[in-house]
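Just below is one structure, and these are the notes that go with it.
What follows draws every value from the coordinates through simple rules; no lab data is involved. Not measured: the values here are computed from a predicted model. Please note: Cβ atoms are built from the backbone with ideal geometry, for glycine as well, and neighbour counts cover all protein chains shown.
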């Protein structure tokens, strides 16, 4: 298994000669990182051909009969009219087949570049790229409890992402830095991703000028020509379900698609509230919405990279709260994956979803349900793959490292079964025979280091040892791991000129306008 | 969804007339129960045809070249010699094809009867029957911590099983009643299952006479003729991996198969210790062992019902402890399901496995990983489906109800997607349209009660409410649910004559021999 590569994060020290180098070697923290998942197992297909055809036909009917609204966006309405849609006021109705035809120019797979080329990710095909939680206004940790997130928290989460070996992507709004002005925080967030991590990241989507800032800062980091010719950001464009495309999200899609930067086009659905209460009804709506969103991206720029997104949760009919890890969400996630593959588009769904307020058993059941289904539904880009708590209101430090550890399970499961002669292990069976044991046999000795996925977090000690050490639960073990990872964090090397230019851009932009908190 | 049926557990009171009946109706505890799962989704097939053929050929090679040991069992050796095997000492080598040929008489599916015919289960095909944890010498609860299990605990767990709507089977050794003599505890255990539950149960396997007691007590409960003609017990026969069939387990298999009672024939494997360290190697050994065990059952009585079992865990190469919820175990579970289906046998694997000492996040991640994979691997009988803690050393009260709640997720996921006109929900999409919401629409009103699986345990309240109520974690919520379920428990009605005869059998058997604690 070559899925994990070690590298000394203090490379420059290690390159010194002689005794100093050896000392550095001994003290350097080794940071491991895994390549994105390349599945070697099949997806789970829960819908048969007939069901898929019904949903596709229904989605076309929705687009033709009901249509969608493009709100406060005359330019979009003009584009749709020109493309052949029936536009009445803000309502856009698409003749059958139009959206699907426009979607055909979207690539089935694309490379998102990182500033460290070893961290580039290919999104699409059989791959799965894992990115952390996105959006929570609160953070929680064992010592400090639940509180509003700050830019200091944001930087901590970016550092944890850089240090998490099974995480391929630095993400976007890993938490909302509520202590920075709303009109300026995107600058600090981008700056953190660009300097504290060398993994790929997401751009701002909250206002047109902030998308432009994201591209400008990327040009400083990657070089102007490089950004013109390559995709260096994947950003999150939510659809305001049902069937509504709001102007801020469309601003983001327009800016990014025009610049050949990737967008996830994602219905944001609480089933029963923003979509029908049934799975097939929700899938119909998801497909209709994504078809329009992707088609619109291709009206902006044919060939612009986009991802078929589906954020799905059910509603608790008693409290009205969203629920996670439920079977209906699983069915939608699996079905939407089939629809995305039939469209030939990369697929985003699932995540470390849970409704629990604490990183406890509820959180873990709900999360594990969703992570497993996410893997098996063919997801290509999994946002929220670690750190999500309390229905997305909270980024949890402890849950971040718990989830990030579990992402290793997905890597190994997806790798499939080794059927080589060594994998078949007939020598071991012959050597040991009836009644023996395999611990000391040659085959075990040759393979034991890489044979099993290994947690960096969970406890397998004998009961007595564990009890004497304080009978710690998983959240306490996780708190220690957070502390260790932040303590060992070292920033990836960055050209000092670029570093300075980024800081200068941020400072200049911040000074240009007064703070706004709305 | 008709998957859940309510019934008043105090049926006799409710049958009274007039005002008394209405009062009884209002106060009666309604106990829900779900039919076993009939899958309407595909299994996940991770091995291709070539890989399956390699493993099958390797298993035949193992049986021919290496063979298996039948320890202290001259009768078995004689049976094997007569069947055409090469017997040298205790070693039995099977020519290629012999085991598979003998397996052909085993049924692909069978009915295990319960004393309440509504609780009968059909084991095989696309069905999944869920049974609780088996075997732990300890119990744990939030109030009392970890302690040796007693017969009082045993009875509590049987009551919880009777009250758990997603559990189809009362199980067997739900914990070891360590306060009862080893040579008598099987009597108390069977008595508890037979009187406190009306779900199907398992027989004793720890000594030949105890298997006979299990059958005799079943004859009291079901009637002698009924037991002669029907399967009323499914019992657990472990193989002493690698490749060893010990005399106690073979005693059990011989007694039960001869009486047409079902056995799970199950390699008990800690990968790296009792089997090769690789997935394909372990699958080869599992298949070889099960082929021999099932073939032997058919030598005893052609047509005897048996289940292809696979208990698999990996080993933590640092501590030597077994690990759970790991990707290697998932791959073995999935692959063994494919092998079982190709043999045309019912399949037993998976469970609420975890290595954690507490019902915390580790426990839940590991458990949810295994439950999901168990569903998707085509398991027909899932032992340990709830209550398992600390690598099987502990039956946890809280985890029992947590896991049992999650089993509802499996039911709904397995039911597949409703593609009826109502399921398609086009009326809802037409009624609501862009920008609306679905909460009040006719389709939601007509469907909301059954639209979503609903937890009986987890918390979805707003943060503030939850905080004011004491900020309880899942284990605290579960402790309250345990208390509630035990408080509401009512024994299912049983013919007083049968009740008396069972008590008499137990008393007489207990009086006949002195206590033994070994």
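Give the Kirkwood hydrodynamic radius (Å, one decimal) of region B:392-511, defined as one over the mean of 1/r across all pairs of different Cα atoms. Mean inverse Cα-Cα distance, inverted, gives 19.5 Å.
If you take every DSSP beta bridge fully contained in region B:282-414, what fraction is antiparallel? Give it as a percent rounded to 5. Here the share of antiparallel DSSP bridges comes out near 50 percent. Shape class for region B:117-257, computed from the alpha carbon gyration tensor (a ≥ b ≥ c): rounded, with a/c under 1.5. Relative to the longest principal axis of the Cα atoms of chain B, helix B:208-222 runs at roughly 40 degrees.
Across every direction, the projection of the convex hull enclosing the Cα atoms of region B:347-462 has a mean area of 9.6 nm².
Across all directions, the average flat footprint of the convex hull enclosing the Cα atoms of chain A is 28.6 nm². Put a dot 7 Å past the Cα of residue B:258, heading toward its Cβ, do the same for residue A:511, and the two dots end up 9.6 nm apart.
Each peptide among B:373-379, B:195-201 gets the average number of other Cβ atoms lying within 10 Å of its residues, and from highest to lowest they stand as B:373-379, B:195-201. Got a sec? Which residues in region A:178-219 would a label at residue A:150 touch, if it sits 7 Å along Cα→Cβ and we count backbone N under 12 Å? Inside the label zone: A:178-180.
Put in line by how crowded their Cβ is, counting other Cβ atoms within 10 Å and starting with the fewest, B:458, A:222, B:463 read B:463, A:222, B:458.
What separates the residue A:207 label point from its copies, with the point 7 Å along Cα to Cβ, is 8.1 nm, written shortest first. Here region B:457-484 is scanned for amide nitrogen atoms under 11 Å from the site 7 Å beyond the Cα of residue A:318 along Cα-to-Cβ, giving B:457-461. When the Cα gyration tensor is reduced to axis lengths a ≥ b ≥ c, the ratio a/c is 1.5 or higher for region A:52-113, and with a/b not above b/c it is classed as oblate. Per residue of B:242-251, other chain Cβ atoms within 10 Å of the residue Cβ number 2 on average. Shape annotation for region B:266-393: C-alpha extents along the principal axes are 46, 27, 23 Å, from largest to smallest. Once the Cβ-Cβ distance between residue A:464 and residue A:143 is put in as r, and R0 is 30 Å, what FRET efficiency do you end up with, to the nearest 0.05? With a Förster radius of 30 Å, E is 0.60. Taking the DSSP beta bridges with both ends in chain B, the antiparallel portion is around 45 percent.
For labels at residue B:86 and residue A:182 in the simple 7 Å Cα→Cβ model, what's the distance in nm? Taking the simple label geometry, residue B:86 and residue A:182 are separated by 8.1 nm. Computed from Cα atoms, the angle from the helix A:185-196 axis to the main principal axis of chain A rounds to 40 degrees. A convex hull fitted to the Cα coordinates of region B:155-208 yields 71 cubic angstrom per residue.
Shortest first, residue B:487 label-point distances to identical copies amount to 4.6 nm, with the label point at 7 Å from Cα along Cα→Cβ. The simple spin-label model puts a point 7 Å past each Cα toward its Cβ; for residue B:38 and residue B:476 those points are separated by 4.3 nm. Over the protein assembly as shown, the alpha carbon radius of gyration divided by the compact-protein estimate 2.2 N^0.38 Å works out to 0.97. Using 0.36 nm per residue and subtracting the Cα-Cα separation, the extra length available between residue B:445 and residue B:122 on full extension is 112.7 nm.
Can you give me the angle between helix B:496-512 and the longest principal axis of chain B, using Cα atoms only, in degrees from 0 to 90, rounded to the nearest 10? Taking the Cα atoms of chain B, the angle to B:496-512 is about 40 degrees.
Label-to-label distances for residue B:105 across copies, nearest first, come out at 7.1 nm, using points 7 Å from Cα in the beta-carbon direction. Taking each DSSP H run with n ≥ 4 as -39500 (n - 2.57) and averaging over every residue of the protein assembly as shown yields -14000 deg cm²/dmol at 222 nm. Relative to the current alpha-carbon distance between residue A:421 and residue A:483, full extension at 0.36 nm per residue lengthens the span by 18.1 nm.
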